[in-house]
1. Condition test on N43, is it modelled with pLDDT of 80 or more, under 30 Å from G107 (Cα atoms), within 18 Å of the chain's Cα centre (by Cα) and open to solvent by 70 Å² or more (accessible area, probe 1.4 Å)?
2. Considering only region 111-137, state which residues are modelled with pLDDT of 95 or more and open to solvent by less than 20 Å² (accessible area, probe 1.4 Å).
3. Of all residues in region 136-165 being part of a loop (DSSP other than H, G, I, E, B) and free of Cβ contacts under 8 Å to residues at least 60 places away in the same chain, which is farthest from G120 (Cα to Cα)?
4. Any chance you could count how many residues in region 65-109 are assigned to a helix (DSSP H, G or I) and polar (S, T, N, Q)?
5. Report, by residue number, each residue of region 61-77 that is buried (at least 18 other Cβ atoms within 10 Å of the Cβ) and not polar (S, T, N, Q).
6. Within the group S59, S26, which residue is modelled with pLDDT under 50 and more than 16 Å from A127 (Cβ to Cβ)?
7. Out of the residues in region 78-100 that are of a type in the set (D, E, K, R) and open to solvent by less than 70 Å² (accessible area, probe 1.4 Å), which is farthest from the chain's Cα centre (by Cα)?
Amino acid sequence: MTNKFICALLLTVLTLAACNKKGDDSTFFPDAPATPDKVKLVNLVNAFRSIGETCGGSSLAAAVPVTWNDTLATVALKHSEDMNANNKLNHTGSDGSFVDDRITASGYVYSYYAENLLKGGATEEEAIKAWQESTAHCKNLMDPKINEIGIGTAGPYWTMVLASH
């Protein structure tokens, strides 16, 4: 190879590398809706729960419908905002909190809870579908002990808090 060719190749590689800012993964993870449609989300979850499902090889019976809970939605929104601020998908908050800590701090008294997280998904349908296709998230969606949900988004992050009193 000639020096000219090597220089041209190196220049191309450096140019392409400069175009991809560190931490900018918006091409791969589109932002979620800033205000997701809670009616659509509840309807999608309830349609899924209304028939028996198989989650990772486990057959699960139909479950009772869920309702929207604004307190759980606020808990979910705050966690999505925290993940977005730190560009990190994690069940543990940047303050070390876990979902039960966040639910308790909101004043919601639970008897049972779960949390589904997602990075990516530009629509309510995409988010619910991604959770349906994940064994653990699918089991949370189908859990008969759950009767309320709240969902919050920030940037590409989705948080669903599922609970019951």
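The values are calculated or read from the model by the stated rules, or taken from the named source; none is laboratory data. As the structure is a prediction and not an experimental result, all values here were calculated from the model. For neighbour counting, all protein chains shown are included, and Cβ atoms are generated from backbone atoms with ideal geometry for every residue, glycine included. Just the protein is used for accessible areas: all its heavy atoms, side chains included, with ligands, DNA and RNA removed. Shrake-Rupley method; radii C 1.70, N 1.55, O 1.52, S 1.80 Å.
1. Working: modelled with pLDDT of 80 or more: yes; under 30 Å from G107 (Cα atoms): yes; within 18 Å of the chain's Cα centre (by Cα): yes; open to solvent by 70 Å² or more (accessible area, probe 1.4 Å): yes.
Yes, satisfied.
2. A114, E115, N116, L117
3. So in region 136-165, the residues part of a loop (DSSP other than H, G, I, E, B) come out as 143-147, 155-156, 165.
Still in the list and also free of Cβ contacts under 8 Å to residues at least 60 places away in the same chain: 145, 165.
Working: K145: 27, H165: 30 Å.
That would be H165.
4. Narrowing region 65-109 to residues assigned to a helix (DSSP H, G or I): 70-86, 99-106.
Filter once more, keeping what is polar (S, T, N, Q): 71, 74, 80, 84, 86, 104, 106.
The number of residues fulfilling the criteria is 7.
5. Filtering region 61-77 for residues buried (at least 18 other Cβ atoms within 10 Å of the Cβ) gives 63, 66, 69, 72-73, 75-77.
Scanning region 61-77 gives A63, V66, L72, A73, V75, A76, L77.
6. On the way: S59 fails: modelled with pLDDT under 50.
Exactly one residue qualifies, and that residue is S26.
7. Let us first name the residues in region 78-100 that are of a type in the set (D, E, K, R), namely 78, 81-82, 88, 95, 100.
Within this subset, residues satisfying the condition of being open to solvent by less than 70 Å² (accessible area, probe 1.4 Å) are 82, 100.
Working: D82: 13, D100: 17 Å.
Ranking the qualifying residues of region 78-100, first place goes to D100.
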